[in-house]
1. For B:K390, which aspartates and glutamates qualify as cross-link partners when the Cα separation must be under 14 Å and same-chain residues fewer than eight apart are set aside?
2. Straight distance only, please: which aspartates and glutamates reach the Cα of B:K68 with their own Cα at less than 20 Å, same-chain residues fewer than 8 apart left out?
3. Among all the aspartates and glutamates, which ones have a C-alpha under 15 Å from B:K528's C-alpha, if same-chain residues fewer than 8 places away are not counted?
4. Once every DSSP H run of n ≥ 4 in chain B is given -39500 (n - 2.57) and the sum is divided by its residues, what mean residue ellipticity at 222 nm do you get, rounded to the nearest 500 deg cm²/dmol?
5. Per residue of chain A, what 222 nm ellipticity follows from adding -39500 (n - 2.57) for every DSSP H run with n ≥ 4, rounded to the nearest 500?
6. With Cβ to Cβ distances under 15 Å as the rule, what net charge do the other residues near B:D475 carry (K, R +1; D, E -1)?
7. If you take the beta carbon distance between A:T182 and B:E512 as r and set R0 to 60 Å, what does 1/(1 + (r/R0)^6) give as a FRET efficiency, to the nearest 0.05?
8. What is the dipole size for segment B:444-514, taken about its Cα centre, with +1 at each Lys and Arg Cβ and -1 at each Asp and Glu Cβ, in debye to the nearest 20?
Amino acid sequence: MRDLKHLIFFENLLDNADNELVEKAKADGGLAIGYTCFHIPEVLLNVGQCFSVRLRAPRTGSVDIATYYMSNYTCEFARALVERGIEGGFNFLDGLAGVDACSMMNRFYEHFELLKMNEKPNMFVTHCDMPYKIEDYTVRSYVKQMKVRLLEVMQKNYGVDISDAAIRKAVEEHNEVCRIITEIGEMRKEENPVITGYEFHIICLVSYTCPKALILPYLRETLEELKKRKPDPKPWYRARVAVVGSEIDDPGLIQMIEEAGAMVVADRFCYGSFPGREVIELKDDEPALEQVCRHYMEVSECARYISDEKVQQRRDTADRLAREFHADGIIYEQMKYCDFWGFERALVSHIMSEERGWPVLSIDRLYNNKTSGQLRTRFQAFVESLEIKRIQKMGGRN
Amino acid sequence: MAKTKIKYPNPAFFRAKDNMDWKKQGENLLEVGSIIVDMLKETDWKKFGTNRLNDIKDDGRRIAEEFKTVMAMSPEEKMDLLKNGEKHLGKLYRKGAMATVRREWRGVKDTAYDYKEWLRMWGMLLATFSKDLIPALNTTFWYRWMISYMCCVGFMDKNVMGQRGSALQMSHLMIYDIFRYVAENLVLLAKGDKKNGNSAELNKKIVLFDEMTMGQIMAGFPDLIGIPYQLMPVFLVSEIDQLTCVPYIDAVESFGLPADTCPVPSSECGALVIDALPHLGSCFISSSMPCDGSVMASSYMSRRFPDLPVFHLTFPVRYEYEETVPDAAEDIKACIRFVEETTGAKWNWDAYFTTMKRFNEETKYELEKWEVNKTPYPQILGPCYELFRKWNYEMDGGMDPRVMKTFRKVNDIMMKAYERREEPWRGKMKYRGIVWSCPAHYYANFSNWLANCWGIDILVEMESLNFTKPLETEDKELALQDLARLYERMVMRRHTNGGYHNVVDELWRQCEAWNVEIIIMYQNVACKNMATLQGILDEQARDKGYRMIWIEHDLMDPRTVSRKDMRAKVNEYMRTVMKAEPVDPTLCDFDDEACM
C-alpha cells in the first residue's frame, strides 16, 4: 500500500507531549489541560479556551529518578510520567486533571505537585474521586466530582466557560473526531484492509494528544485518503488479533505484533478506540454534564469497575469485538505492576480460552517494548499457533 | 417492657442442625488416609531417627549448659533469675525446629501466671470446639490451614516473649479474646461448610464479608452472623504459621497472576484456586478496600461461588472530601437492603446503636492506652496489643459484650502499672519506636523481637491509628454517614488512600506526638501505595532528622524476604548507624526458617 500522506507528520506529533499542534494552540491563547485516565471525560477538558492533551512519555529512556521516588516495582507508565515531568516535559501544561482511580497513577499527580514540576501561577492539579460501579448515587457522585473538582477549578483559575452550552459545543467537536476514527476503524473489518493496526493506533493516538480543532483537518483528509487507498493484492498478515487490556500508548508495541505477522484489528485498551471514540448522544432535556458522565461510566472498560455487570461487560466486549473484527485470537496484555489488569488478565484469559473458545496470548509488558526480544518471540509463537489452528480447522490444507 | 438479654454469639447458631453427608466424609477420610500412608512410606525413617537422636543430644547439652550457667551465678543473680526470669531468649530457638525448645522461664510469679493462662486458653478452645465437635475437628481433614490452628498456643507464647508483670497479664487477656472469636468462627465455618457440617439452618443466618471489610454493619442484624470470609483460612492463620500462604500464592501464580501483586488478595485468590475456602453462607459482601488488588479479588470469588449473591461495598477513595460522604452512606443503605433481601432479616436500629455505644466506649479506652504510651512510661506494648487493636477495630467492632470486660480489666491493670512505672520488658527498654506501613504477617511478633533484642519499644503502629471520633448513636442519617467515615478509615486504607499526606505528613505528626526516636518503616515489596512514596518518605525523614530503618518483606511470603533478613536490617542499622549494643545478643542471629 502507498504510505499515508500524513503518517510521518502524525508520528512526529507523537514524539513529544508538547508537539507542534499543542504549541500552536497555546500560541493562539489555548490552555493545555493534561490528563491520563479515561475516567476524566475528555470532552470536559475541551470547553472554552481549554484543550485536552492525553499525557504520554514518548522516547522514554532511563526512569532512574522516578524509580528513586516510586521504587522499581511500580507501574512504568506512572514512573515514566514522573521522570518526564522532572525533566520539564510537562511545563507547557496549564492544568492537570487527575483522578484517584489507581494508586500508582495517583502518585504521579501527587509527585507532580510535591516535586513542583510546574509552578505556573494558575496551574492546578485535581484529584477527583471515581466510582467503582454504576448506581444512581454513584452517577450523582461522579457528576459532583467533575463539577466541583474539575470544571469549577478550571473556571476559578482561568475563567473558563463551563456552561451547558460550552459542554455541548465540546461534545459536538468531539463527536466529529469520534465519527472519523470509528469510520477508519471499521475498515479493519475487511479481509484485506486498507489500513494497518499500527497506522490506526497512530491516528487514534494523535486524536487524544492534539487539540481537536487542529487535528481535525488532518483526520478528515486521512479518512478521504483511506477511502481511496488501494490495498495490497493479498492480505499482508498471517493472523488477525484483538488486543485487550491496560494502557498502550506505545505504537512500537502494535508494530511489534504486526511485524510478527498478526494484524491488530481491534484495540480494546486504554488509549485505544474501544472505548474512547464512541459518539456521545446528547438529549436536550437533561444537563449535558450528567449525560457526559453517564456515557463515560457506561462505555468504560476499566478493570477497576468492580460490579458484576461491568465485569461481565468487559468479557462480552472483548468477545464481541474479536468476533466483529474477525480476529483469530486475543492478546490479553497488562502493563507490568498494574494490579487491576494483573488480576483481570490472569482470570479472563482463562475464561476467554476455556469458555468462549478463543486462542489467547496472555502477557505482561513494560512501558516501552520495542527492544523486547522475549515479547517478539511470544508474538511470533502465537501467530504460528493461530496458523496451525487454522490449518487444522481446514482439515490440514493451508 | 423488660429487655431480653441477647447472648453473643447467639447460642442458636451453634445448635443449628447439621446435615453432614457421611458418605462424602468417608471418601474424604479415605483420601486423607491414603495421603498419610504415602507420607509415611516416603519418609526417610533412618534420617528421622537420627534427627530425633540429635535433638535429644542437643537437649541434653542445653540442659547441662543451663545448669552450669545457673550454678555459676552469684546469689543476687540467682534471685533475679528466680524473680524476673531469663534474659537470653535466643537460646530457645533451634535450627530446623518448628517450635521453641522449651517454654520461657519468666520468674516464679509470671511463669505461674503464664501457665494458668495457657490452661485457660486450652480450656476455652476445648469448650468452644465441643459446641459442635465433629464438624469442627473434621475441618482438619478438609483444609490444611486448620492444622496450623493447632499451634495457636505456641503463637501466644511467641507474642508474649520477654514480657513480665502487668504487660504479660494484659497481653494474655487480649489474645484470649481474639482466640475465642477465632474458635467460635471456626466452629461456625465448619458447621456451615457444604462439604462438612452443611447446616442449611445456619447458612441462612450467615453473611460472609471480605476479610478486609469491617464488621460493624452486622451490628444492625443481631439475628444474623457476619463472618469475615477469608480471615480464618488465610489472613489470621498466616500470622500463626508463616508457611500457610505459600501454597495459595504458588497456585495463583501458576494460574497466571503476576507475582508482584499484594499477597493478601493473591493468597485469597490462591485459596479459591486450590479450594481451600469453605463453601457456606447466604451472601457475600465484597469491598473495594483497602487497595487496588483487593478490589479485583472479588471477581475470583464470584467465579468460584456463583451461587452466592454478592454486594460490592465501594467507598470513595478521597474520603476527606466531605461532598462524597452522603454517597458513601447511600452505599451502606444499599448494602443493608441487599442483606435484608437475601436473608429476610430486618435491620435493627436499637441493636446497632447499642453496639456503637459500646464501640465508642471501647474507643475511649483505646485513647487512654495511647495517652499512657505517649508518656515516658509506656505500658501496653507488643504484638498481642497490636493484634487486639486491629481485631477490635475491624472485626469485633463492639459487637461482643464480653470484650468490654477485657477493655475494663486491661485499663485497670494498665493504669496501676503506670502508677508503679512498670516496664513491660524489664531492664530492656531503650528506644521509643513507631511502626509505619503494613507489618509482615509471617513475622507478627517482630515488635517483640525489636524490644527483646535491641530495646526498641514500638509504642504504636500505623495500622492502629484509625478513626477515633465517637460514632453517632441517635440520628439515623448521621449514623450511616459516620459508619461510612469509619469504613473509609479502615486499617491501612486510612493512611494509604486519600492522598499522600495521610501517610507522609501523618507520620511526622505521629512521630512528634509519641516522641519517637526510631521509625520502623516496613516495605511490603508488593504494596504499590506505599512503594510509590518511598523517595518522598526517605527525603523528608532525612530533612527532619528521624532515624528510619527500612525493612523489606513480602507480607505473607517468607521466601522473598525471610524473618532472618528482616532482623539483619535492624542489626546492621543499630550497629553501624546507632553504634548500639544489643540488650540480648543471643537474639541477633538465630535460625527460625522452619519455625511457625
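What follows draws every value from the coordinates through simple rules; no lab data is involved. From a predicted model like this one, the values you see are computed outputs, not experimental measurements. Backbone-built Cβ (ideal geometry, glycine too); neighbour counts: all protein chains shown.
1. Answer for B:K390, where 14 Å is the Cα cut-off: B:D177, B:E211, B:E239, B:E362, B:E366, B:E461, B:E463, listed by chain and number.
2. The reachable aspartates and glutamates, counting only those whose Cα sits under 20 Å from B:K68, are B:D55, B:D58, B:D59, B:E76, B:E77, B:D80, B:E86, B:E104, B:D584.
3. Those aspartates and glutamates meeting the cut-off are A:E76, A:D100, A:E110, A:D339, B:D260, B:D292, B:E552, B:D554.
4. It comes out at -16500 deg cm²/dmol, rounded to the nearest 500.
5. My calculation for chain A gives -15000 deg cm²/dmol from helical runs alone.
6. 0
7. Values: r = 57 Å, r/R0 = 0.96.
For R0 = 60 Å, the calculated efficiency reads 0.55.
8. The dipole of segment B:444-514 has a size of about 180 debye.
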